[in-house]
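J.: Mind having a look at this structure? Questions to follow.
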Amino acid sequence: MRAYFDNASTTVLLPEVIQEMTKMMENVYGNPSSIHNHGRTARAIIEGARKKVANILNTSIGEIFFTSCATETNNMILKMAVQELGIKRILYSAIEHHCVLHTIDYLKSRMNIDTIKIPVDVSGTLDYGILHAELEKAPGPTLVSIMHGNNEIGTINDLVKIGELCANYKAYFHSDMVQTIGKYPVDMQELNIHFASASAHKFHGPKGSGFAYIRNDAIIPPYLHGGSQERNMRAGTENLYGIVGLSKALELSVKNMNHWRTHIEKLKEQFIEGILSEIEDVTINGTRDGLYHIASISFPASPKSELLMFNLDIEGISCSSGSACSSGIEEDSHVLQAIGHNPNRKTIRFSFSHFNTVEEIDYAIGKLKSFCQDKVII
Ligand code: PLP
């Protein structure tokens, strides 16, 4: 059996998305910037896709900008906001994705700004008190960058609460929404967010296609210079097929959201209950009410659990490790370190989609049980 449990990393393309993209590839090839008929056809398709995305998020079409991925979007927003909006401080959570963390490190090393990391507790929940206290200090224009759902342990941040805090202290608010757009209902009118990012390949769309939400009152200059594509916000010929795939995938993800969510929630529950009852001394990272598609599990040390991911891969199970290799030494990720995780325990992230089945979950529980039997004391 082969089971794909790495859906937080990327997802399989929906057949309807492949169909739609293929149809476009076969029939539409004009440059959307050309004024002739071929170009106008391509332009109309892109604007149709933008309208679809804007309607789904309840924004205006002028607030959606297509990009190549969320990494590009987050770089663009953070760098251009600091450059253009006179930002003097960035407040961000300790468990942001590397594309946010490394961009903030870069900005700190080049610009005269303060960067303040807001801690999380053992469950990965943001310390809202510290965020509030830092905003209260108000020593200059501030950008708050806090993700919606964490990609490793699945904790969800309260965007309404953070948005209200930001509004009270006139701070700009950026949220990496890569793990939630397409999985949770999002109404931008209910959130005080200036900037957000999303990526098609996380919701069954193609890789290399993402978008930025930039609110009308927080316009930033372009990050890429060149032509006047994306209303002068992002130069470069648009990824027509990627944009078509993104909008189709988002449309279907939203249309099927409740139905897919119910299925995934059941699988996650079955998986966690199975693991807790079959294997001794396992712990679940994050909170039980975190992202419904992510389960981050720490296993006790055992001869086989040392190579747990490798062993699972051999048995046909694809998942993701919670550690990274630094100078030849396995180290817990920055997220696990931030929650004070015991590095002797082996952490694996299992992330699900509606394509997963009950049989795959049972199979994985059985394999995990056999790998975790020979325990050693550390
Ligand atoms: N932000 C989060 C939370 C993610 O999970 C990822 C992908 O793993 C990214 C950003 C980067 O997305 P992309 O692959 O589109 O650059």
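J.: Assuming R0 = 30 Å, can you tell me the calculated FRET efficiency for the pair Val160 and Thr283, based on Cβ-Cβ distance, to the nearest 0.05?
T.: With R0 = 30 Å, the Cβ-Cβ based efficiency is 0.50.
J.: Follow-up. Using +1 on the beta carbon of Lys and Arg, -1 on that of Asp and Glu, and nothing else charged, what's the dipole of the stretch 125-239 about the Cα centre, debye to 20? Kindly include the intermediate steps, with their values, before the conclusion.
T.: On the way: 9 positive and 12 negative charges, 66 e Å.
Dipole size: approximately 320 debye.
J.: I would also like to ask the following. So which of Lys137/Lys170; Lys266/Lys367; Lys79/Lys248 end up more than 23 Å apart by C-alpha?
T.: Lys79/Lys248
J.: Expressed as a rounded percentage, what relative contact order does the stretch 38-168 have, with Cα pairs under 8 Å and six or more residues apart?
T.: Relative contact order comes out at 22 percent.
J.: To the nearest 10 degrees, how steeply does helix 257-278 sit against the main Cα axis of the chain, on a 0 to 90 scale?
T.: 20
J.: Where both residues lie in the chain, what percent of DSSP beta bridges are antiparallel, nearest 5?
T.: Just about 60 percent of them are antiparallel.
J.: Please give the contour-minus-distance gain from Thr22 to Glu190: 0.36 nm per residue of separation, less the Cα-Cα distance, rounded to one decimal in nm. List each step's numbers first, then the result.
T.: On the way: separation 168, 0.36 × 168 = 60.48 nm, distance 3.60 nm.
In short, 56.9 nm is gained.
J.: Another question about this same structure. May I ask what percent, to the nearest 5, of DSSP beta bridges between residues of the stretch 174-218 are antiparallel?
T.: For the stretch 174-218, the DSSP antiparallel bridge percentage is about 55.
J.: Relative to the longest principal axis of the C-alpha atoms of the chain, give the angle of the C-alpha long axis of helix 15-27, reported between 0 and 90° and rounded to the nearest 10°.
T.: It is inclined by approximately 30 degrees.
J.: In whole angstrom, how long is each semi-axis of the equivalent ellipsoid of the stretch 52-117, when you take the square root of 5 times every eigenvalue of its Cα gyration tensor and sort them from largest down?
T.: 25, 13, 11
J.: Of Phe173, Phe271, Phe195, which is the most mobile in a GNM of the chain whose springs link Cα atoms less than 10 angstrom apart?
T.: Most flexible of the set in this elastic network: Phe271.
J.: Could I ask something else about it? Could you give the radius of gyration (one decimal) and Dmax (whole number) of the Cα atoms in the chain, in Å?
T.: Taking only Cα atoms of the chain, I get Rg and Dmax of 21.5, 72 Å.
J.: Give me Rg over Rh for the stretch 34-85, both radii from the alpha carbons and Rh done the Kirkwood way, two decimal places. Present the calculation step by step, with values, prior to reporting the outcome.
T.: Details: Rg = 14.0 Å, Rh = 12.8 Å.
Radius of gyration over Kirkwood radius for the stretch 34-85 works out to 1.09.
J.: While we're on this one: Determine the gain in length on full extension of the stretch Tyr29-Arg2; use 0.36 nm per residue of separation and subtract their C-alpha separation, reporting nm with one decimal.
T.: Value of the extension gain: 6.0 nm.
J.: I would also like to ask the following. Using alpha-carbon pairs under 8 Å, 6+ residues apart, how would you state the relative contact order of the stretch 192-300 in percent? Walk me through the intermediate numbers first.
T.: Numbers: 113 pairs, mean separation 20.5, N = 109.
After rounding, I find 19 percent.
J.: Right, something else. For the pair Thr10/Lys137, report the inter-label distance in nm, with labels modelled 7 Å from Cα in the Cβ direction.
T.: Going from the Thr10 label point to the Lys137 one covers 4.0 nm.
J.: Moving on. With a bin width of 10 angstrom, please list the P(r) values of the stretch 164-246 as percents of all Cα-Cα pairs, from the 0 bin to the one holding the largest distance.
T.: Each 10 Å bin holds this share of Cα pairs: 16, 41, 35, 8, 0.
J.: By how many degrees, 0 to 90 and rounded to 10, does the Cα axis of helix 358-371 deviate from the longest principal axis of the chain?
T.: Its long axis makes an angle of about 50 degrees.
Since every read-out is calculated from the coordinates, none of them should be taken as a lab result. Bear in mind the structure is a predicted one, so any value in this text is a computation, not a measurement. Cβ atoms come from the backbone with ideal geometry, glycine included; neighbour counts cover every protein chain shown.
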